[in-house]
Structure formats: C-alpha cells, structure tokens
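S.K.: Let me begin by handing over the structure; questions about it come next.
The values are calculated or read from the model by the stated rules, or taken from the named source; none is laboratory data. Note that this is a predicted model, so its numbers are computed, not measured. Cβ: placed from backbone, ideal geometry, glycine included. Neighbour counts: every protein chain shown. Accessible surface areas use protein heavy atoms only, side chains included; no ligands, DNA or RNA. Shrake-Rupley method; radii C 1.70, N 1.55, O 1.52, S 1.80 Å.
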Amino acid sequence: MKTVIVTGIPGTGKSTVCNLFREMSEKEGTPATIINYGTVTQELLRANGQTVHRDEMRKSTMDSQRLFQKKAAEAISRKIENLSGIVVIDTHMAIRTPQGYMPGLPRHVLEVLQPELFVLIEANQDEISTRRSKDTVRRRDDSNEETVKEELQISRLMAGACAVLTGAPVKMVINANGRQEEAARELMRITGVADNV
Amino acid sequence: MKTVIVTGIPGTGKSTVCNLFREMSEKEGTPATIINYGTVTQELLRANGQTVHRDEMRKSTMDSQRLFQKKAAEAISRKIENLSGIVVIDTHMAIRTPQGYMPGLPRHVLEVLQPELFVLIEANQDEISTRRSKDTVRRRDDSNEETVKEELQISRLMAGACAVLTGAPVKMVINANGRQEEAARELMRITGVADNV
Amino acid sequence: MKTVIVTGIPGTGKSTVCNLFREMSEKEGTPATIINYGTVTQELLRANGQTVHRDEMRKSTMDSQRLFQKKAAEAISRKIENLSGIVVIDTHMAIRTPQGYMPGLPRHVLEVLQPELFVLIEANQDEISTRRSKDTVRRRDDSNEETVKEELQISRLMAGACAVLTGAPVKMVINANGRQEEAARELMRITGVADNV
C-alpha cells in the first residue's frame with residue numbers, strides 16, 4: 001500500500017497517531033511520510049499573499065476553500081510521486097464551518113489523490129470533549145457533546161460515500177486515552193507495514 | 001452564493017421556512033426566488049397529459065419519476081440562468097416510496113443543478129409526528145415515530161453523499177415549533193444574504 | 001423491473017429470502033434468477049488458479065479483491081443480457097475485512113451493473129448475533145452485538161451513496177425470525193412480480 005488517507009475530527013488525537021506511526025514504521029525499516037493537507041493548503045494560501053490561522057481556515061469562505069482544496073490535492077499528488085515507502089495524508093473527512101459540513105475529500109479531490117484506504121481515527125465522545133476543552137494553543141470548535149456526536153456521525157457517512165466512489169475500504173481505528181501506540185500499531189497492521197507488531 | 005438546495009422531510013416545515021426566507025431577504029434588499037422541485041415536475045407531467053396529486057407523486061412508478069426528475073432539473077437550471085439574487089430549490093433529499101427511498105438529488109440531477117450548498121431543515125421527531133398527524137389538506141405519510149427517525153437518518157446519509165459528489169457543504173438547520181423566523185434568519189446568515197440579522 | 005441488487009450482512013438470512021423469492025415468483029409465472037456475486041467471483045478466481053473459502057474471500061487482500069470484483073460485475077452483466085424475467089444479484093453492501101469495510105458495490109461496479117433497485121435485508125441485532133454464533137458450516141465473523149450494529153450502520157450509509165450515484169432507490173426489508181416468506185413476499189411486491197401477494 002502506498003497512499004493512505006487518515007482522517008479524524010479535532011480532539012481524536014489523529015496527528016499524534018500519525019506521527020507515532022511514522023516513527024514506529026521507520027524503526028521497522030519502512031520509510032513513512034505524513035503530509036498534512038491543512039499545512040499544504042496554508043502554504044499555497046501564503047504563496048498567494050493570504051495568511052490564515054490553521055483552525056480559522058476551516059471557517060474561511062467556501063469558494064477560496066474549494067479552490068485551494070483542489071490545488072492542495074494536486075500539490076500532494078506531485079509530492080507523492082517522488083516518495084518511496086508509505087504516504088499518510090492527514091486530513092478531515094468533514095470540516096465544520098458556519099456554512100455547514102464541508103467535505104474534506106470531495107470527488108474532485110479523490111480523483112486526484114486516488115487513495116487506497118480511508119482511516120477514521122475515532123475516540124470516545126467524552127474523551128474528545130475533554131481534549132477539546134483543554135486545548136488552548138489551537139483554537140478549538142465547540143466541545144459540546146452533541147456537536148462531537150454529530151461530527152463523528154457526519155464523518156462516517158461522508159467516509160461511506162468516499163468508499164463507494166473510489167472502491168477503497170474504510171477502517172475505523174479507536175484512539176483511546178493513553179493508548180496512542182496501540183492505535184499506531186493497528187495502522188501499521190492495516191497498511192501492511194508490519195504483520196504482527 | 002446563488003443556488004441553494006433546501007431539503008426536509010414532510011413535517012419539518014421546510015416550505016414555511018423557505019417562504020419566510022424569501023420575504024425577509026427581500027426586505028433586506030436581496031431578491032430571492034423559491035423554486036419547488038415538485039411543482040416543476042408536476043407542470044412537466046401535466047404538459048405531458050399526466051396529472052398526479054403532489055404527494056401521490058412520491059409514490060408513482062420509478063421510471064417516470066426518474067425521467068421527469070431529470071427533465072425538471074433541466075427546466076430549473078434554465079430558469080435559474082435568468083434570475084438575479086438568490087435561488088432556493090425546495091425539494092427532498094430522500095423520497096419514501098413503496099419501492100424504497102428514492103434519492104431526490106441523484107448524481108445526474110446534481111450535475112445539472114450544480115448547487116453551492118445543501119440545507120437540511122430538521123426538527124424534533126415528536127414535532128414532526130404531530131405535524132404529520134394533524135395535516136389533513138395534503139395527504140401525509142406515516143406519522144409513526146420510527147418512520148420519522150428513519151427518514152431523518154436516510155436524508156442525512158444521502159446528503160453526505162451529495163456533499164462528497166459535488167464538494168458543496170451540508171448544513172443542518174433546526175426548525176423548532178414557533179421559531180420559523182429563527183430558522184429563516186439562519187438561512188439568511190449561511191447564504192450570505194445578511195451577516196448579523 | 002429487471003435487475004435488483006439484494007444485500008444483507010451475514011446472519012440476516014439474505015440468501016434464504018432470495019431463494020424463497022425465486023420459488024414464489026416462479027409459482028406466479030415470473031422466471032427469476034439469483035446470481036450470487038461471491039460465487040461468480042470464486043469461479044473467476046478458480047479459473048485463474050486461485051482457490052479461496054467463501055468467507056475467507058472477504059478477508060483476502062484488497063487488490064485482488066478489487067480486480068475480481070470488477071471482473072465479476074462484467075461477467076454478471078453478460079449473464080443478465082441473456083436472461084428473461086427478473087434477476088436478483090445477491091451480494092454485500094459493505095464487506096468487513098481486516099483493512100476495513102470494503103464497498104461491495106463501488107462506483108465502477110455500479111456503472112457495469114446499472115441496478116434499478118437496492119434492497120437491504122435487515123434483521124434485529126440479537127437475531128443476527130444468535131444466527132452468527134450458531135453457524136458452524138460457514139465460518140462467521142464476530143457475533144458481538146457492537147460489530148453487528150456497526151455493520152448494519154455502514155451498510156445503510158454505503159447504500160445511501162449507491163442510491164445517489166445511480167438514482168435507484170434503497171428499500172429496507174426486515175427478515176424476522178420465522179417470517180422469511182413475509183420478507184420474500186415483500187420483495188415480490190416491490191419488484192413488481194406480484195401486486196397483492
């Protein structure tokens with residue numbers, strides 16, 4: 001497997017799991033690259049004279065969102081061509097904005113990225129709420145439990161549509177408090193980096 | 001924003017919210033047009049020598065449904081070209097028929113309409129059931145709570161697929177009893193008709 | 001109606017309902033053919049020198065899965081052309097594998113099969129768990145209730161995406177313990193084989 005898309009709503013610990021996965025995979029001899037979709041989009045915005053706070057971006061206007069979403073997919077696709085080993089694209093399935101849930105992986109992005117697997121990092125609703133309310137460095141969305149529940153649901157249903165569109169499977173991986181290594185190990189198993197880690 | 005699709009299962013008060021939205025938007029100086037997908041389909045059927053009761057239509061045979069669904073999308077698309085301001089297409093995400101839930105916005109319709117936003121008008125299950133059981137003018141589907149719950153669920157999941165296919169976001173708007181103006185005002189905010197109404 | 005796709009997670013009694021449907025339809029004078037997607041795929045694998053246990057197949061590697069999934073769709077499509085009466089394709093909406101839920105009916109398969117209706121055979125969670133735990137002939141997946149609940153959910157949401165992609169409706173048919181004939185009769189009604197059976 002080469003290209004894996006790892007998604008998760010804010011507070012699931014997605015980026016932590018991705019980074020652990022990279023470290024552990026490299027120890028096993030498989031080079032792994034994590035590409036953060038949001039960071040690539042920010043770089044493109046900055047190169048175009050715009051600058052946005054990472055979480056603010058999720059709330060910017062839809063039209064520029066969509067334009068840069070496409071451009072970022074193309075940039076990532078070019079990057080992947082030159083990489084060996086496994087590439088994890090760290091992104092969101094559904095992005096909560098004032099205009100509603102924007103799909104992080106719409107059809108035109110999927111056609112560019114051609115992923116082989118979708119991973120949904122999930123966690124307990126309470127744990128997500130708690131992590132969100134404690135987060136002071138990055139601005140966080142509502143830590144309300146109903147909001148968290150809804151975000152988890154919308155992510156799953158958009159993932160189902162992504163699977164049907166591409167033919168790639170969707171795997172839910174639970175990231176429980178203090179068990180990030182377990183989640184990273186599961187990611188190694190399902191991507192074929194290691195069989196019995 | 002120009003084209004917004006507003007959907008809602010029977011009993012959510014969708015059409016009331018759409019009409020209020022139009023009135024309130026015009027007061028704010030933005031012309032707004034509500035196009036009822038069902039009415040356009042009926043006109044096409046009538047012009048073809050067929051006549052069907054509005055709610056009966058949801059139960060007519062699938063093949064003619066699909067044919068006129070496509071024709072209606074094309075007619076609406078031509079209408080929109082000549083309109084200024086904002087256009088709201090009032091329709092259903094999933095239509096309960098004896099053959100199952102028919103998608104109100106299948107891919108071939110979405111490709112014609114090219115919407116920028118999907119709105120799901122939702123309401124409390126009890127309130128929907130009550131509104132349905134009181135409705136004597138229009139023939140209504142089952143007011144059973146399990147049915148209402150299932151229709152809300154199927155609508156959300158088809159909306160997720162619509163979002164992934166088009167790249168447009170999905171916004172849930174709650175229409176609580178006696179708060180139609182609040183729902184209409186939210187519609188104004190998310191469509192950009194007004195920032196701080 | 002000619003081509004109907006009938007899906008159901010293991011333990012819903014999908015194949016029993018399909019076979020009853022065939023027998024009952026033929027008594028009514030409508031020839032009916034049941035094509036098992038898994039069996040067609042197995043035959044293709046065997047013809048290519050590979051052999052896999054039917055349930056094992058759901059866990060085989062993704063790449064060969066996808067290749068044979070497409071080939072099987074093409075073989076089924078050729079078969080259907082030469083059949084009269086009604087054709088039921090017996091398959092899965094979502095296949096649980098170690099790499100996650102693989103879509104049984106991805107876009108490239110749907111474009112080949114062009115189905116007119118999706119049926120989801122569903123049953124009570126407890127009944128599915130019990131049927132799974134009793135099944136000793138075929139190797140069964142986890143009979144855990146959370147697993148069953150998740151499989152039912154993922155099947156529904158992939159079905160929603162299939163409906164939006166094709167325009168065909170999705171019908172849920174309940175197969176309760178001891179009421180297989182009722183489920184088969186409902187299948188006859190919705191496919192138009194019989195109006196008032």
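S.K.: Rank C:N36, C:N48, C:N177 by mean-square fluctuation in a GNM of chain C with C-alpha springs under 10 angstrom and give only the top-ranked residue.
M.R.: Comparing C:N36, C:N48, C:N177 in a Gaussian network model of chain C, the most mobile one is C:N48.
S.K.: Looking at the calculated P(r) for chain A, what percent of the C-alpha pair distances fall above 30 Å? All intermediate terms of the calculation are to be shown ahead of the outcome.
M.R.: Working: 3054 of 19306 pairs.
Here the tail beyond 30 Å accounts for 16 percent of pairs.
S.K.: A further question on this structure: In a Gaussian network model over chain A where Cα atoms closer than 10 Å are linked, find which of A:F21, A:F68, A:F118 has the largest mean-square fluctuation.
M.R.: A:F68
S.K.: Here is a follow-up. In whole percent, how big is the carbon plus sulfur part of the accessible area of region B:154-193, probe 1.4 Å, protein atoms only? Before the final figure, lay out each step's value.
M.R.: Details: 440 of 1220 Å².
With neighbouring chains kept in place, the figure for region B:154-193 is 36 percent.
S.K.: I've got another one for you. Going from most exposed to least, what order do C:V87, A:V112 have by accessible area with a 1.4 Å probe?
M.R.: Heavy-atom accessible area, descending, gives A:V112, C:V87.
S.K.: Classify the protein assembly as shown as rounded, prolate or oblate, taking a ≥ b ≥ c as the square roots of the eigenvalues of its Cα gyration tensor: rounded when a/c is under 1.5, otherwise prolate if a/b is larger than b/c and oblate if not.
M.R.: Numbers: a/c = 1.64, a/b = 1.00, b/c = 1.64.
Since a/c reaches 1.5 but b/c is at least a/b, the shape of the protein assembly as shown is classed as oblate.
S.K.: Rank B:R189, C:R132 by accessible area, highest first, at a 1.4 Å probe radius?
M.R.: B:R189, C:R132
S.K.: Now a separate question. Between C:E81 and B:E145, what's the calculated FRET efficiency when r is the beta-carbon distance and R0 is 41 Å? Round to 0.05. Walk me through the numbers on the way to the answer.
M.R.: Numbers: r = 45 Å, r/R0 = 1.09.
For C:E81 and B:E145, the calculated efficiency is 0.35.
S.K.: Another one. Highest GNM mean-square fluctuation, chain B, Cα pairs closer than 10 Å: which of B:E151, B:E186, B:E26?
M.R.: For chain B, modelled as a Gaussian network with Cα springs under 10 Å, the answer is B:E26.
S.K.: List the distances, in nm to one decimal, from the label point of A:E28 to the label points of the same position in every other copy, shortest first, placing each label point 7 Å from Cα along the Cα-to-Cβ direction.
M.R.: 5.3, 5.3
S.K.: While we're here: Hey, what do the phi angles of region B:90-99 turn into as Karplus ³J(HN,Hα) couplings, whole Hz, using 6.51/-1.76/1.60 and θ = phi - 60°, x for Gly and Pro?
M.R.: Values, residue by residue: 8, 8, 10, 6, 9, 10, 6, 10, x, 8 Hz.
S.K.: Let me ask another. For B:T16, which inter-copy label distances result when the label point lies 7 Å beyond Cα on the Cα-to-Cβ vector, reported in nm to one decimal and in ascending order?
M.R.: For B:T16, the inter-copy label distances come out at 4.6, 4.6 nm.
S.K.: With Cβ to Cβ distances under 14 Å as the rule, what net charge do the other residues near C:V17 carry (K, R +1; D, E -1)?
M.R.: Values: positive: C:K14, C:R22, C:R131, C:K171, C:R179, C:R185, C:R189; negative: C:E23, C:D90, C:E122, C:E127, C:E181, C:E182, C:E186.
Net of charged neighbours comes to 0.
S.K.: Still on this structure: Can you give the accessible area of B:S129 in Å² (nearest 10), computed on protein heavy atoms with a 1.4 Å probe?
M.R.: We get 10 Å² for B:S129.
S.K.: At 0.36 nm per residue, and after removing the present C-alpha to C-alpha distance, how many nm does the segment from B:E26 to B:N177 gain when stretched out fully? Show your work: numbers first, answer last.
M.R.: Numbers: separation 151, 0.36 × 151 = 54.36 nm, distance 2.40 nm.
Contour length minus the Cα-Cα distance gives 52.0 nm.
S.K.: Continuing with this model, one more query. Amide H to amide H, which residues 5 or more places from A:K171 or on other chains are under 5 Å from it, using H placed in the peptide plane?
M.R.: For A:K171, whose amide H was placed from the backbone, the distant partners under 5 Å are A:F118, A:V119, A:L120, C:Y101.
S.K.: Taking only protein heavy atoms and a 1.4 Å probe, what accessible area per residue, in Å², does chain B have with all protein chains in place? Write out the running numbers ahead of the final one.
M.R.: Working: 8320 Å² over 197 residues.
The answer is 42 Å² per residue.
S.K.: Pull out a ≥ b ≥ c, the square roots of the eigenvalues of the alpha-carbon gyration tensor of region B:143-187, then state rounded if a/c is under 1.5, prolate if not and a/b is larger than b/c, and oblate in the remaining case.
M.R.: On the way: a/c = 5.07, a/b = 1.13, b/c = 4.48.
Oblate.
S.K.: From the helices alone, meaning DSSP H stretches of at least four residues, give me the mean residue ellipticity at 222 nm for chain B, per-run term -39500 (n - 2.57), in deg cm²/dmol to the nearest 500.
M.R.: Estimated from H runs of four or more residues: -16000 deg cm²/dmol.
S.K.: Using a simple charge model, +1 on the beta-carbon of Lys and Arg, -1 on the beta-carbon of Asp and Glu, nothing else, what dipole does the protein assembly as shown show about its Cα centre, in debye to the nearest 20?
M.R.: 900
S.K.: May I ask you to report, in nm to one decimal and beginning with the shortest, the distances from C:G49 to the same position in the other copies, taking label points 7 Å along Cα-to-Cβ?
M.R.: 6.3, 6.3
S.K.: For A:H92, tell me the accessible area in Å² from a 1.4 Å probe, rounded to the nearest 10.
M.R.: About 40 Å², rounded to the nearest 10.
S.K.: For an R0 of 35 angstrom, estimate the FRET efficiency from the Cβ-Cβ distance between B:K70 and B:T33 and round to the nearest 0.05. Could the numbers behind the result be given before it?
M.R.: Values: r = 21 Å, r/R0 = 0.61.
So the FRET efficiency works out to roughly 0.95.
S.K.: Interface size between chain A and chain B, please: total buried accessible area, 1.4 Å probe, rounded to the nearest 100 Å². Please list the in-between numbers first.
M.R.: Details: alone 9920 and 9920 Å², together 18210 Å².
So the total buried area for this chain pair works out to about 1600 Å².
S.K.: Given Cβ point charges of +1 (Lys, Arg) and -1 (Asp, Glu) and nothing else, what value in debye, to the nearest 20, does the dipole of chain B about its Cα centre take? Please report the intermediate quantities before stating the final value.
M.R.: Working: 27 positive and 26 negative charges, 91 e Å.
With only Lys, Arg, Asp and Glu charged at Cβ, the dipole is about 440 debye.
S.K.: Let me ask something else. Kirkwood Rh over Cα pairs of region B:101-190 into Stokes-Einstein at 4 °C, 1.567 mPa s: D in µm²/s? Walk me through the intermediate numbers first.
M.R.: On the way: Rh = 14.6 Å.
Estimated diffusion coefficient is 89 µm²/s.
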